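The values are calculated or read from the model by the stated rules, or taken from the named source; none is laboratory data. For clarity, every value in this text was computed on a predicted model and none was experimentally measured. All Cβ positions, glycine included, derive from the backbone under ideal geometry; neighbour counts span all protein chains shown. Side chains are part of the model used for accessible areas, which takes the heavy atoms of the whole protein and leaves out ligands, DNA and RNA. Shrake-Rupley method; radii C 1.70, N 1.55, O 1.52, S 1.80 Å.
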Amino acid sequence: MMITLCRIRLAQRPLCAFGLRRCGSALAPGRPTTTNLLGKEYPTDDKTNITPAIAEKLGRKLYLQPSHPLGILRELIESHFNNFTAHSGFSPIVTPAKNFDDLGFPADHPGRALSDSYYINNESMLRTHTSAHEVEVFARGDRRWLLTSDVYRRDEIDSTHYPVFHQMEGARVFRSTPEGMTELEQDNARLSEHLAQSNIVIEDVPHSSPTNPIPSIYSNHDAERMVLNLKLSLNSLMLALFGGRAGSAEEPLRVRWIEAYFPFTSPSFEVEVFFHGKWIEILGCGLVQQRTLQLANIPHDVSWAFGLGLERIAMILFAIPDIRLFWSTDSRFLDQFTPGKISTFKSYSKYPPCHKDVSFWLPSEGLHDNDVFDLVRDVVGDLAEDVKMIDGFTHPKTQRTSRCYRINYRSMDKSLSNDEANALHTDVITQLRDRFGVEIR
Ligand code: FA5
Ligand code: MG
């Protein structure tokens, strides 16, 4: 059913990627040798693992729709950073060099694996983060910029994870000259004053530490002031987004800084916000490493950068309970929102869940969980609310491994009859057998 929507030309074998990987040949008979994405033809090869369900998302651009929660949030953040240049609309198809190598990801970084990222072929992939565009935007000479995009990661299925989500990257460049640092000092003074008057409690970490070091291009003194600027800028963003919403008048907004690691920043941090009794990770950030600045031809400048997840923030601000709702085309969802306004989502009737299990013996070459998740997503689309591996064992004599997955079928828009759920489940079982060669138990 998803096949009719998709732009990926995979003829009778929609999930060619997994087949290709299993047989290790890109030229197995009957297999499409190209795939059409965003109007362009790409050759497929032994790395191709993009599925039709994912391909269908490529042109949606939810973040550009003015009355979609993601579009409203993008504009809210852009208006907070009103003197930053806002970019969007960059193609999601990038080279692995842009997504990983240019940013210093080691060759064996797990994010590069076929089990974690979507590849079109050996030369092209779907970006996994907006940082993939850092070098090119710095190279344009923009000194304060934001960039919003869809990003793609093969991941688990639940109410807060979806294989496509949205990030906004932001950066601010300073000259490492006395004048550049004076500008920084003035900005720090202004931001500190604003925050001192606000109802916010910040759990901080040191600006740098032996495990979160300052790279050699920065003098210690400049780096400390840069990190302070980064922290003040992002704390003030958190206040603009959540102040008065996450807490109450008496209860301050709580923001927590944590030491983190990214290959392209140091020192690096993550920022979390306390909401409804839980800490929620909002963004990653840090001082930009020399490699990026050099590749962008600005080796004498310094910069900080951050990357935030729009869905996590939107789920809090609009009280949206399930990440799938962002993709809904149902007017009961879309008509609730107004450009420029944060409003509380009113959920429309929930339909009953319908759990079905499938147990099978794995093929001898094994099978990754994410392959099963992607197959379910591909065969039944958003009608799968969650998929969990509920049992697994290896037979002591035969050494064969068995797994049992529980799929919860539920539509956001209508009640599924047991017959409909059975038909979906039968399709999933058939495809599991045909595509992966599992033996159903
Ligand atoms: C990154 O993607 C880095 N590129 C961020 C960065 C940019 C660091 C610039 C330094 C400088 P991470 O994988 O942690 O980092 O994702 C960043 C944010 O995206 C997270 O904090 C979270 O808000 C959001 N995010 C990550 N994974 C998911 C997911 N599966 N679903 C929804 N949001 C997610
Ligand atoms: Mg993170």
message: Can you order the peptides 408-421, 391-404 by their average number of other Cβ atoms within 10 Å per residue, highest first?
response: 408-421, 391-404
- line: If amide H atoms are modeled at 1.01 Å from N in the peptide plane, then the residues at a separation of 5 or more from residue 343, or on another chain, having amide H under 5 Å from its own are none
query: Taking the Cα centre of the chain as the origin and placing charges on Cβ (Lys, Arg +1; Asp, Glu -1), which of 51, 62, 137 is farthest toward the positive end of the dipole?
result: 51
query: Which entries in the list 57/231; 61/278; 231/278; 57/98; 40/98 go over 26 Å, if you measure between the two C-alpha atoms of each?
result: 57/231; 61/278
- line: Along segment 91-106, Karplus-curve 3J(HN,Hα) (6.51, -1.76, 1.60; θ = phi - 60°) to the nearest Hz, with x for Gly and Pro, reads 4, x, 8, 10, 7, x, 4, 5, 6, 10, 4, 4, 9, x, 5, x
message: Taking the alpha-carbon distance from residue 414 and a cut-off under 21 Å, which lysines remain once sequence neighbours fewer than 8 residues away in the same chain are dropped?
response: 346, 350, 356
Dipole in debye (nearest 20) - segment 354-440, about Cα centre, beta carbon charges: Lys, Arg +1; Asp, Glu -1: 360 debye
field: Value at 222 nm in deg cm²/dmol, rounded to 500, when DSSP H runs of n ≥ 4 in the chain each add -39,500 (n - 2.57)
entry: -8500 deg cm²/dmol
- prompt: If you count, for each residue, the other Cβ atoms within 10 Å and average over each peptide, how do 260-270, 315-325, 175-185 line up from highest to lowest?
  reply: 260-270, 315-325, 175-185
field: Charge dipole magnitude, Cβ of K and R +1, D and E -1 - the chain, Cα centre, debye nearest 20
entry: 1040 debye
field: Whole-percent carbon and sulfur share, accessible surface of the chain, 1.4 Å
entry: 50 percent
task: Just name one of 426, 405, 383: the one whose Cα is farthest towards the positive end of the charge dipole of segment 354-440 (beta-carbon charges, Lys/Arg +1, Asp/Glu -1).
output: 405
message: Through the Karplus equation 6.51 cos²θ - 1.76 cosθ + 1.60, θ set to phi - 60°, convert the phi angles of segment 33-48 into ³J(HN,Hα) values in whole Hz; use x for Gly and Pro.
response: 9, 9, 9, 9, 10, 6, x, 10, 8, 10, x, 9, 8, 5, 9, 4
- prompt: Toward the positive end of the charge dipole of the chain, about the Cα centre and with charges on Cβ (Lys, Arg +1; Asp, Glu -1), which of 124, 32, 198 goes farthest?
  reply: 32
statement: A student asked for the Cα radius of gyration and Dmax of the chain in angstrom ought to give 23.5, 74
statement: Taking 0.36 nm per residue of separation between residue 176 and residue 342 and subtracting their Cα-Cα distance, the length gained on full extension comes to 55.9 nm
